[in-house]
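The values are calculated or read from the model by the stated rules, or taken from the named source; none is laboratory data. It should be emphasised that the depicted structure is a prediction, and the values quoted were computed from it without experimental measurement. Ideal geometry is used to build each Cβ from the backbone, glycine not excepted, and the neighbour counts take in all protein chains shown. To get the accessible areas, we keep the full protein, side chains included, count just its heavy atoms, and leave off ligands, DNA and RNA. Shrake-Rupley method; radii C 1.70, N 1.55, O 1.52, S 1.80 Å.
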Amino acid sequence: MMNLMPQSFRSEMGMYDIEIEGANVKVSIVDDPDLVDTKMDELRSSLLSQKNKIKKIFITNFRKAFLKNKKKTSKRKVVGLDIKFVKTDGNLNIGKLLLLCVGSHCLMIQLPDSEHISRTLGRFLSDETICFLGTGMSNIVSELGSFSFCTQRKKRRNFDVSVYHRVSVNTGVEVGFLAAKILKKPNVENYGLAELAGEVGMDIKEPIGECPNWNAKVFSHEEVKYAVHNAYTSYVIGNKLLDML
């Protein structure tokens, strides 16, 4: 059975409202390539609105110290990043799900079996004005580097020629490294997210339960919560750290 449904239905059914450490987080599961560009446009809008949201808060506060700090944070573009890997029959680890979080908006994108991803997603990941925060960043960057995206199409004689570029995440940062640099504490670089949260006065616990099967076609709320935990908490902790600058 093919289970084909209108795109609007698939988009709505992929929406989850979950709670992480008291915060309401909206998660969109994107398992349809045709929906990737639309969802990425929404995430980029969230990225811009996060900057403006901070700006509006501080404009209502007349204290110069806050306004000075706001001037810096209003220019900040931070995204929580993670990949969920699965093992192939050949015992190789390949990326199955890409997690992107901005504020309370997260995307859970099914990575394609081919090496090509959409231009919108490829450009977003390669955007060097964005700071991507996560854990295990070297593995994430390496995996994303195996994908390419079309940058332009050229007309040559009677043929259309597509030009592809590899995804290059040059601004991926380990949350532990960021904490060590900002807090001036070398020993915290290898801390887990729960320990890093404690360093900045936050109480964040590791997810409870067994690791879900990332090959699944349908996920429960608890499985989605488990999936976005690293990307979301990396975003939250990273922003808290950057506020200290």
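Could we say that residue 240 is within 20 Å of the chain's Cα centre (by Cα), farther than 22 Å from residue 84 by Cβ and touching a residue at least 12 places away in the same chain (Cβ under 8 Å) here? Yes: the conditions hold for residue 240. Selection over the range 137-157 of residues that are of a type in the set (Val, Ile, Thr) and either more than 30 Å from residue 189 (Cβ to Cβ) or not in a helix (DSSP H, G or I) (or both) gives a count of 1.
Applying the condition of being touching a strand residue (DSSP E or B) at 6+ places or on another chain (Cβ under 9 Å) and among the small types (Gly, Ala, Ser) to the range 76-102 and asking which residue is modelled with the highest pLDDT yields 80.
Are any residues in the range 6-23 at pLDDT 90 or above and open to solvent by 70 Å² or more (accessible area, probe 1.4 Å), and if so, which ones? Listed by number, the residues that qualify are 15, 17, 19.
Return a yes/no flag: does the range 158-171 have any residue that is assigned to a helix (DSSP H, G or I) and at pLDDT 95 or above. No, the conditions are met nowhere in the range 158-171. Residue count for the range 149-185 satisfying the condition of being in contact with a helix residue (DSSP H, G or I) (Cβ under 6 Å, 6 or more places away or on another chain) and buried (at least 17 other Cβ atoms within 10 Å of the Cβ): 11. Considering each residue of the range 132-143 in turn, none proves to be open to solvent by less than 60 Å² (accessible area, probe 1.4 Å) and touching a Lys or Arg at 6+ places or on another chain (Cβ under 9 Å). Within the range 186-234, being outside any loop (DSSP other than H, G, I, E, B), open to solvent by 20 Å² or more (accessible area, probe 1.4 Å) and not polar (S, T, N, Q) holds for 186, 189, 194, 195, 198, 199, 221, 222, 223, 225, 226, 232.
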